[in-house]
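Trainee: Dumping the structure here so I can ask a few things about it.
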Amino acid sequence: MARIVQFSEAVSLAIHSMVLVAQSKGAINANEIAERTGASRNHLAKVMQQLVKHGFLSSCRGPNGGFALKRPPEKITILQIFECVEGKIETDGCPLDHQICAFDECLLGTIAAKVSEEFKTYFKNHTLRSFMKKNPDEKLRCKGVF
């Protein structure tokens with residue numbers, strides 16, 4: 001079945017991992033995050049490195065090590081996490097990345113720009129705190145936009 005909107009596995013991992021870290025009491029290790037998200041540990045490690053590099057997480061090695069938030073969850077927007085992994089969301093230009101169009105105006109009209117702007121606004125207005133569940137021991141499930 002086709003989907004109009006689909007997020008990369010890396011973005012999904014970044015958002016879900018950040019929620020798990022935010023919900024944890026102290027540091028949470030990569031093995032636990034990989035198990036809870038069903039992710040490949042190698043792919044997760046690459047995503048977590050990006051989140052550390054961009055200043056969202058701190059990491060500590062060792063038996064009691066893991067990942068912890070560097071900022072409060074209400075100070076981190078979902079847009080910041082998304083753009084950390086995928087780059088800035090573009091809302092204008094050709095949705096097919098064509099430099100030259102054979103038509104006078106885009107056949108798709110402005111729908112791609114409108115949808116991109118809607119997602120950007122939604123992600124900007126939602127913080128990591130708003131994605132956290134009340135019971136962090138519950139299995140992480142994809143709801144809403146994911």
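The values are calculated or read from the model by the stated rules, or taken from the named source; none is laboratory data. These figures come from a predicted structure and were not determined experimentally. Cβ: placed from backbone, ideal geometry, glycine included. Neighbour counts: every protein chain shown.
Trainee: Checking the condition modelled with pLDDT of 95 or more and either touching a strand residue (DSSP E or B) at 6+ places or on another chain (Cβ under 8 Å) or over 23 Å from TYR122 (Cβ atoms) (or both), which residue from GLU74, GLU105 passes?
Mentor: Step by step, each of GLU74, GLU105 is checked, and only GLU74 is modelled with pLDDT of 95 or more and either touching a strand residue (DSSP E or B) at 6+ places or on another chain (Cβ under 8 Å) or over 23 Å from TYR122 (Cβ atoms) (or both).
Trainee: Let me ask something else about it. Within the set of pairs 6+ apart or on separate chains, which have a first residue in region 117-146 that is closer than 25 Å to GLY38 by Cα, a second that is assigned to a helix (DSSP H, G or I) and at pLDDT below 75, and C-beta atoms under 9 Å apart?
Mentor: As it stands, the answer is none, since no pair meets every condition given.
Trainee: Are there helices (runs of 4 or more DSSP H) fully within region 1-118 with at least 1 residues that are within 12 Å of the chain's Cα centre (by Cα)? List them.
Mentor: Ranges flagged: 9-23, 41-53, 78-86.
Trainee: Quickly run through region 26-54 and pick out the residues that are surrounded by 14 or more Cβ atoms within 10 Å (Cβ to Cβ), more than 21 Å from PHE82 (Cβ to Cβ) and polar (S, T, N, Q).
Mentor: Correct list: ASN29 only.
Trainee: Being more than 29 Å from GLY26 (Cα to Cα) and surrounded by 11 or more Cβ atoms within 10 Å (Cβ to Cβ) narrows it down to one of ILE89, ILE76, ILE81, so name that one.
Mentor: Exactly one residue qualifies, and that residue is ILE89.
Trainee: Also: When you check VAL11 against the structure, is it modelled with pLDDT of 95 or more and either surrounded by fewer than 17 Cβ atoms within 10 Å (Cβ to Cβ) or closer than 24 Å to LYS133 by Cβ (or both), yes or no?
Mentor: yes
Trainee: May I ask you to verify whether THR91 is among the hydroxyl-bearing types (Ser, Thr, Tyr), in contact (Cβ under 8 Å) with a residue 40 or more places away in the chain and under 21 Å from TYR122 (Cβ atoms)?
Mentor: The answer is no for THR91.
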